[in-house]
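Colleague: Take this structure first; my questions come after.
Taken together, the values in this text are just the output of simple stated rules run on the coordinates, not laboratory data. This structure is a prediction, so every number in the text was calculated from the model and none was measured. Quick reminder, even Gly has a Cβ in these numbers, built from the backbone with ideal geometry, and neighbours come from all protein chains shown.
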Amino acid sequence: PSSIERHSYDVLVVGAGGAGLRAAIAAHDAGARVAIICKSLLGKAHTVMAEGGAAAAMGNVYSEDNWRVHFRDTMRGGKMLNHWRMAQLHAQEAPDRIHELEDWGALFDRTPDGLISQRDFGGHRYARLAHVGDRTGLELIRTLQQRAVALGIDVYMECTITKLFQSGGRISGAFGYWRESGRFIAFEAPTVVLATGGIGKSYKVTSNSWEYTGDGHALALEAGASLVNMEFVQFHPTGMVWPPSVKGILVTESVRGDGGVLRNSEGRRFMFDYIPEFFKSETADNEDEADRWYEDKTNNRRPPELLPRDEVARAINAEVKAGRGSPHGGVFLDIASRRSEEFIKRRLPSMYHQFKELADVDITAEPMEVGPTCHYVMGGVAVDADTEESIVPGLYAAGEVAGGMHGANRLGGNSLSDLLVFGRRAGTSAAEAAAALAGERPTIPDDDIRAAAEAALAPFERQGGENAYTVQQDLQDIMHRLVGIIRKADEMEQALEELDTLNERCSRLSVEGHRQYNPGWHLALDLHNMLRVSQCIAMAALERTESRGGHTRDDFPATEDSWATVNLHCVLDDDGSVAVRHEELPSMPDELRTLFEDK
Ligand code: FAD
């Protein structure tokens with residue numbers, strides 16, 4: 001361990017997406033010495049890929065909008081399983097976080113009278129998403145990154161954290177390796193903010209990039225935290241389905257928000273056939289009303305294409321299954337026949353280029369082919385709503401790696417605002433906790449560092465073992481086939497058995513070559529996390545014997561009242577295996593509960 005590079009900070013932020021950057025800025029502003037660590041290059045996080053916008057009830061387009069309406073939409077979208085306090089804080093604080101970004105130099109699109117423009121998205125009663133064309137994430141990350149760098153916050157990029165340290169019952173730091181040299185690095189810090197994003201790479205078809213291997217989820221679980229809502233994985237209804245090399249790449253919901261409609265092979269606008277009882281009163285039941293809504297939202301109900309994502313994804317799945325899909329196994333998304341070429345190119349420039357370059361399809365002239373793709377995980381580290389601290393003292397989580405905020409299903413646009421609201425809160429509370437410890441800093445014993453290094457090097461010690469790429473492919477295939485969009489008990493039981501086998505295979509992984517830039521080694525380390533997360537998803541999904549939000553059971557198709565107040569938490573047992581516990585949802589105060597009556 002004496003040869004291992006070491007650093008010491010007050011707050012260590014793992015992840016440089018929106019949540020991590022916002023947390024680091026807040027911790028710095030609160031007086032802490034902060035470091036940001038990220039697996040890829042700074043600016044390459046998932047946040048940069050976000051297209052549609054950030055939801056905040058600023059009331060710029062519809063003055064009727066306010067935090068209470070946003071709170072209600074978020075809870076209803078999450079099928080009431082969200083942590084009410086997180087949903088409340090999110091709705092209340094999102095407008096300030098957007099205005100603050102603007103103060104820091106973000107250039108949002110404008111309304112004719114110069115306010116920040118807001119666009120329509122599924123599940124939101126009013127046009128609510130602050131945006132920059134369809135490249136909102138890029139502007140968000142650019143702004144936060146510039147600020148973090150200007151503040152002089154230390155950044156360790158292309159550096160992957162593989163282990164969290166604890167001593168004296170609290171977090172004491174983290175261990176990782178440099179991607180390029182393969183050399184190790186240890187950080188001493190009394191607080192760690194996990195902001196590592198999602199888990200999409202456990203699935204075969206996903207909008208997520210190579211980084212989303214659930215590292216933060218697994219690190220937290222292994223440190224003793226619990227993961228909540230893991231059965232809820234969001235399949236975005238519209239990913240590209242053709243050509244195969246780009247299958248899963250996202251087609252933003254803004255296409256529908258801006259007037260695009262879904263049709264089956266018979267040309268039918270099929271979403272009218274899939275309006276659930278729960279949303280009937282606020283969804284148009286005929287094309288005329290749906291089309292009028294784009295111009296007049298006060299007197300018309302919203303089109304069924306803009307139902308929450310879980311509803312639309314299931315409907316597409318059903319159409320394809322019924323044999324009414326498009327040639328490549330999706331359905332058609334048509335904006336060409338509904339909006340002018342000029343409008344499409346102005347509002348959806350990235351989509352225009354994406355289809356032109358990747359699929360040779362001109363979306364101003366012909367429909368796109370789209371189908372569900374694994375997009376977002378609602379589940380994540382269970383945290384205190386106000387401070388974002390997990391049950392492990394000193395361990396915080398914010399952004400996609402945290403759970404609770406979105407319940408059973410996340411509304412589009414609510415992630416970017418979530419990152420800002422809870423990133424800031426996590427950074428501030430971690431800085432305050434570190435300051436409160438004063439001189440009593442936990443330290444990391446050398447033995448712990450040695451053990452972390454040995455664990456990371458284990459795949460080099462084995463000869464002729466399993467290949468990481470093959471195991472990853474098998475994992476993605478299992479999750480796609482057996483724990484995907486529609487689930488059944490026997491299939492999930494089979495998945496769990498197959499995951500056990502993969503677990504054994506993982507313990508026999510071997511890698512060739514040496515430590516310098518060795519992607520096979522990196523994947524071998526990531527796989528451990530992907531497997532942990534997959535086990536949690538499959539176990540929680542098997543346990544929840546109902547359908548709700550992002551979790552659909554073929555064998556339990558109804559939403560059950562008995563499950564309406566139950567959260568599932570995944571924890572590690574003493575023997576290292578995953579266990580699932582039932583916990584009652586925190587109960588909502590009466591003044592918020594009344595928002596759901598008589599509507
Ligand atoms: P990320 O931005 O995912 O960043 C994670 C960071 O953690 C990265 O820096 C990564 O390198 C780092 N990291 C991970 N593991 C480790 C490790 N072991 N060690 C060190 N670093 C690590 N949401 C919206 O609200 N509106 C949208 O319009 C929207 N569009 C989207 C479009 C696409 C294509 C996708 C994929 C998602 C979209 N989302 C959208 C969702 C949203 O972008 C993500 O949920 C959000 O950006 C996650 O942010 P984050 O800060 O939690 O993590």
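Colleague: Can you tell which of 83, 124, 99 is more than 15 Å from the ligand (Cβ to nearest atom) and more than 30 Å from residue 528 (Cα to Cα)?
Modeller: 99
Colleague: Could you list, in sequence order, the residues of the stretch 230-264 that are part of a loop (DSSP other than H, G, I, E, B) and either of a type in the set (D, E, K, R) or more than 12 Å from the ligand (Cβ to nearest atom) (or both)? Steps first, please.
Modeller: Step one: of the stretch 230-264, the residues part of a loop (DSSP other than H, G, I, E, B) are 230-232, 241-243, 247-249, 251-253, 258-260, 264.
230, 231, 232, 241, 242, 243, 247, 253, 258, 259, 260, 264, listed by residue number.
Colleague: So which pairs qualify, if the first residue must be in the stretch 235-262 and more than 24 Å from residue 537 (Cβ to Cβ), the second must be of a type in the set (Lys, Arg) and in a strand (DSSP E or B), the Cβ gap must be under 7 Å, and the two must be at least 6 apart or on different chains?
Modeller: 254/119; 257/119
Colleague: Additional query: Mind checking which residues of the stretch 186-208 are surrounded by fewer than 24 Cβ atoms within 10 Å (Cβ to Cβ) and of a type in the set (Lys, Arg)?
Modeller: Answer for the stretch 186-208, where residues must be surrounded by fewer than 24 Cβ atoms within 10 Å (Cβ to Cβ) and of a type in the set (Lys, Arg): just 204.
Colleague: I'm trying to understand the selection: among the residues of the stretch 79-101, which are under 14 Å from residue 418 (Cβ atoms) and assigned to a loop (DSSP other than H, G, I, E, B)?
Modeller: Residues satisfying the conditions are 82, 83.
Colleague: Among the candidates 360, 334, single out the residue that is touching a residue at least 24 places away in the same chain (Cβ under 8 Å), more than 16 Å from the ligand (Cβ to nearest atom) and out of contact with any helix residue (DSSP H, G or I) (no Cβ under 8 Å at 6 or more places or on another chain). Walk me through how you get there before you give the answer.
Modeller: Details: 360 fails: touching a residue at least 24 places away in the same chain (Cβ under 8 Å).
Residue meeting the stated conditions: 334.
Colleague: Here's a follow-up. Has the stretch 175-196 got any residue that is more than 10 Å from the ligand (Cβ to nearest atom), more than 29 Å from residue 519 (Cα to Cα), out of contact with any Lys or Arg (no Cβ under 6 Å at 6 or more places or on another chain) and part of a strand (DSSP E or B)? Outline the logic, then answer.
Modeller: So in the stretch 175-196, the residues more than 10 Å from the ligand (Cβ to nearest atom) come out as 175, 178, 180-193.
From what's left, more than 29 Å from residue 519 (Cα to Cα): 190-191.
Narrowing the set further to residues that are out of contact with any Lys or Arg (no Cβ under 6 Å at 6 or more places or on another chain) leaves 191.
Restricting the remaining residues to those that are part of a strand (DSSP E or B) gives 191.
Yes, the stretch 175-196 has at least one match.
Colleague: Here is a follow-up. Assess whether residue 129 counts as being within 11 Å of the ligand (Cβ to nearest atom) and crowded, with 19+ Cβ neighbours inside 10 Å. Outline the logic, then answer.
Modeller: Working: within 11 Å of the ligand (Cβ to nearest atom): yes; crowded, with 19+ Cβ neighbours inside 10 Å: yes.
Judged against the criteria, residue 129 is a match.
Colleague: Counting just the residues of the stretch 13-29 that are within 8 Å of the ligand (Cβ to nearest atom), of a type in the set (A, V, I, L, M) and part of a helix (DSSP H, G or I), which one comes out surrounded by the fewest Cβ atoms within 10 Å (Cβ to Cβ)?
Modeller: This residue is 21.
Colleague: Also, I was wondering about something else. With the requirement that a residue be surrounded by 14 or more Cβ atoms within 10 Å (Cβ to Cβ) and part of a helix (DSSP H, G or I), what does the stretch 347-380 give you?
Modeller: 347, 350, 351, 352, 354, 355, 358, 359
Colleague: Can you give me the number of residues within the stretch 425-457 that are outside any helix (DSSP H, G or I) and exposed (fewer than 12 other Cβ atoms within 10 Å of the Cβ)? Reasoning before the result, please.
Modeller: Start the filter on the stretch 425-457 by keeping residues that are outside any helix (DSSP H, G or I), which leaves 438-445.
The next check asks that each one be exposed (fewer than 12 other Cβ atoms within 10 Å of the Cβ); those that pass are 438-440.
Looking only at that region, the number is 3.
Colleague: State all residues of the stretch 391-416 that are hydroxyl-bearing (Ser, Thr, Tyr) and either under 11 Å from the mean Cα position of the chain (by Cα) or surrounded by fewer than 24 Cβ atoms within 10 Å (Cβ to Cβ) (or both); if no residue qualifies, say none. First the steps, then the outcome.
Modeller: The first filter runs over the stretch 391-416 and keeps only residues hydroxyl-bearing (Ser, Thr, Tyr), leaving 396, 415.
Passing the criteria: only 415.
Colleague: Now, a different point. Are there any pairs, at least 6 apart or on different chains, whose C-beta atoms fall under 6 Å, with the first in the stretch 172-190 and more than 17 Å from residue 32 (Cα to Cα) and the second surrounded by fewer than 21 Cβ atoms within 10 Å (Cβ to Cβ) and among the aromatic types (Phe, Trp, Tyr), and if so, which?
Modeller: Cβ pairs passing all conditions: 180/517.
Colleague: Could I ask something else about it? For the stretch 102-125: of the residues being in contact with a Leu (Cβ under 7 Å, 6 or more places away or on another chain) and outside any loop (DSSP other than H, G, I, E, B), which is surrounded by the fewest Cβ atoms within 10 Å (Cβ to Cβ)?
Modeller: 119
Colleague: Moving on to the next point. How many residues are more than 8 Å from the ligand (Cβ to nearest atom) and either β-branched (Val, Ile, Thr) or surrounded by 24 or more Cβ atoms within 10 Å (Cβ to Cβ) (or both) when one looks only at the stretch 37-57?
Modeller: Of the residues in that region, 2 qualify.
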